[in-house]
Amino acid sequence: MNESIERQPRHYLLIDFEATCADDGSVPRQQMEIIEIGAVMVDTASLAVVGEFQRFVRPVRHPRLTASCTGLTSIAQADVDAAPGFAEAAAALKAWRGGYADLAWGSWGDYDRNQLQQDCGFHRVSDPVGAPHHNIKRLFAQREGSGRKFGLDGAVARVRLEFAGTHHRGIDDARNIARLLPYALGRAEFPRARR
């Protein structure tokens, strides 16, 4: 499936969510909840980062983080225990995002869009983003042209950058998606693939 962008918005809101999880199946996919919102606002004309937003979120279905979740995300139990619930965090994201006109949002794949819809439904909260979604992972793969599917860390390596920050931390992943946006939009040349 091809991803296309009909019109370039003034801003791109790049979001990465981290959610409750377990490697033993004790947290079913449909019960995962957002525990971190990482967001970076990019001016589309300059591709400069013009704002950042980060919040931990206190989960209610599975309030105790599993060891595998903490190991994957580096998010500590104390981080989520001291955090607001989803409704309050979503309202803060909406208020922050409201300072930017004419935007679309993107994430590395469709997971984040689906997780946001799931959390909004469970918590009975309206969508705090309220903008069209673009799958940046798909755009990147289309522009790259090899037919490969890239994880975020693999995409960063593909353009010969070092991953900045901690992988599977929402804010760091969002920052790295912002670094890949020029390639996904066709405004940067891909380095030759290494053989």
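Can you give the longest run of the chain that contains no GluC sites (Glu not before Pro) sitting in a DSSP loop with at most 10 other Cβ atoms inside 10 Å? With GluC sites (Glu not before Pro) excluded where exposed in loops, the chain gives 7-161 as its longest stretch. From its DSSP helices (H runs of at least four residues, each -39,500 (n - 2.57)), the chain gives a residue-normalised ellipticity at 222 nm of -10000 deg cm²/dmol. For the chain, a Gaussian network of Cα nodes joined below 10 Å ranks Phe140, Phe17, Phe122 by mean-square fluctuation, and the top entry is Phe122. Computed from Cα positions, the angle between helix 86-97 and the longest principal axis of the chain comes to roughly 30 degrees.
With a Förster radius of 25 Å applied to the beta-carbon distance between Asp110 and Asp23, the computed FRET efficiency rounds to 0.70. If you run the Gaussian network model on the chain, springs between alpha carbon atoms under 10 Å, then out of Ala178, Ala83, Ala39 the most flexible one is Ala83. Full extension of the chain between Lys149 and Ala92 gives 17.2 nm of extra length, using 0.36 nm per residue less the Cα-Cα distance. Basic side chains Lys and Arg get +1 at the Cβ, acidic Asp and Glu get -1 at the Cβ, and with that the dipole of the chain about its Cα centre reaches some 660 debye. The length gained on full extension between Asp81 and Phe190, counted as 0.36 nm times the residue separation minus their Cα-Cα distance, comes to 35.0 nm.
Residues considered: Arg158, Arg148, Arg138. Largest GNM mean-square fluctuation over the chain, using C-alpha springs under 10 Å, is found at Arg148. Considering only Leu47, Cys120, Ala174, the residue lying farthest towards the positive end of the dipole of the chain is Leu47, judged by Cα position with unit charges set on Cβ.
Computed from the coordinates by the stated procedures, all read-outs in this text should not be read as laboratory data. Not measured: the values here are computed from a predicted model. Methodologically, a virtual Cβ is constructed for each residue, glycine included, from the backbone with ideal geometry; neighbour enumeration extends over all protein chains shown.
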